[in-house]
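Student: Below are the structure tokens for one structure; questions will follow.
The values are calculated or read from the model by the stated rules, or taken from the named source; none is laboratory data. Predicted model only: the values in this text are computed from it and were never measured. Here the Cβ positions follow ideal geometry from the backbone for every residue, glycine too, while neighbour counts run over all protein chains shown.
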Amino acid sequence: MLKLVIDQGNTQTKLALFQQKKMLKKILFNNDSQLRELENQADAVILSSVGDASDLIQVLKDEPVLLNTKTSLPIANLYESPETLGNDRIAVVVGAAKQIPKSNVLVIDAGTCITLDLLTTEGYHGGSITPGIQMRLQALNQQTEKLPLVELDVEVDLIGKNTKQCIQSGVINGVLLEIDGMINRYKSQFSDLKVLLTGGDFQLFDKGLKNSIFADPDLVLKGLNEILDYNEAIS
């Protein structure tokens, strides 16, 4: 059985084709014909979107499993306001539950925003949301008169020797210290905590964080595949 997973994020849409638990193909969405071609190969489709997915739904010939607050999940959702919970956050914790079962897991998704989400043996609890790298760089440019918009550079020194380097040092080193500090606080409250890292900027964190972590850039897609499997099994 082939399954198509569609993850529509803030900046891009990812398409992945799965056979059971194995990801056979992963591409970025570029045009409608590309999506139809993958759908023709799939027996089931799941769609997750952070916004309005009506354009994508119109392209699909069959109705997909649409991830929302009514979708059945293979984990307990203890979040107090599930109607405001982002689909990407649900997907990553479901993926984490499959990858590291019956454990305390902190999932860090380094994307447009940086989210931290806690999963325990009881279920999903919540976490925190903070601006991502690009959002911080853009804020410095847009909310000041003279600071330029600089590009992300993975290799940065502690001491910037010009304005560009100072911005990069402040943003990147600041984020790394912030996330390391948050991990340490979670570890002080939850025993034997495992840390999983995903998201578009995961490589920066993978190299820069002092805490021991496991990295999986495809955790959202894998989590969506697990949700699809679960709903197919109970339907």
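Student: For E226, all conditions in the list (1) touching a residue at least 24 places away in the same chain (Cβ under 8 Å); (2) surrounded by fewer than 20 Cβ atoms within 10 Å (Cβ to Cβ); (3) of a type in the set (D, E) hold save one; what is the number of the exception?
Tutor: Tallying (1) touching a residue at least 24 places away in the same chain (Cβ under 8 Å); (2) surrounded by fewer than 20 Cβ atoms within 10 Å (Cβ to Cβ); (3) of a type in the set (D, E), E226 fails exactly one: (2).
Student: Follow-up question, since we're still on this one. Identify the single condition in (1) in the same structural domain as I133 (by TED's automatic domain parsing); (2) surrounded by fewer than 18 Cβ atoms within 10 Å (Cβ to Cβ); (3) over 17 Å from Y230 (Cα atoms); (4) out of contact with any Phe, Trp or Tyr (no Cβ under 7 Å at 6 or more places or on another chain) that L116 does not satisfy, given that it satisfies every other one.
Tutor: The single condition L116 does not satisfy is (2).
Student: Right, something else. Would you kindly identify the helices (runs of 4 or more DSSP H) lying entirely within the range 120-235 that contain at least 3 residues that are farther than 30 Å from V45 by Cα and assigned by TED's automatic domain parsing to the domain that holds L78?
Tutor: 133-142, 163-168, 174-189, 202-208
Student: In the range 175-193, what residues are of a type outside the set (D, E), farther than 12 Å from L106 by Cα and in contact (Cβ under 8 Å) with a residue 24 or more places away in the chain?
Tutor: Across the range 175-193, the qualifying residues are V175, L176.
Student: Sticking with this one: May I ask you to say which residue of I46, I90 is outside the structural domain of G200 (by TED's automatic domain parsing) and β-branched (V, I, T)? Walk me through how you get there before you give the answer.
Tutor: Working: I90 fails: outside the structural domain of G200 (by TED's automatic domain parsing).
The conditions single out I46.
Student: Within the range 27-99, considering only helices (runs of 4 or more DSSP H) that don't extend past its boundaries, which have at least 2 residues that are buried (at least 17 other Cβ atoms within 10 Å of the Cβ)?
Tutor: On the way: elements: 32-41, 54-59, 87-99.
So the answer is 32-41, 87-99.
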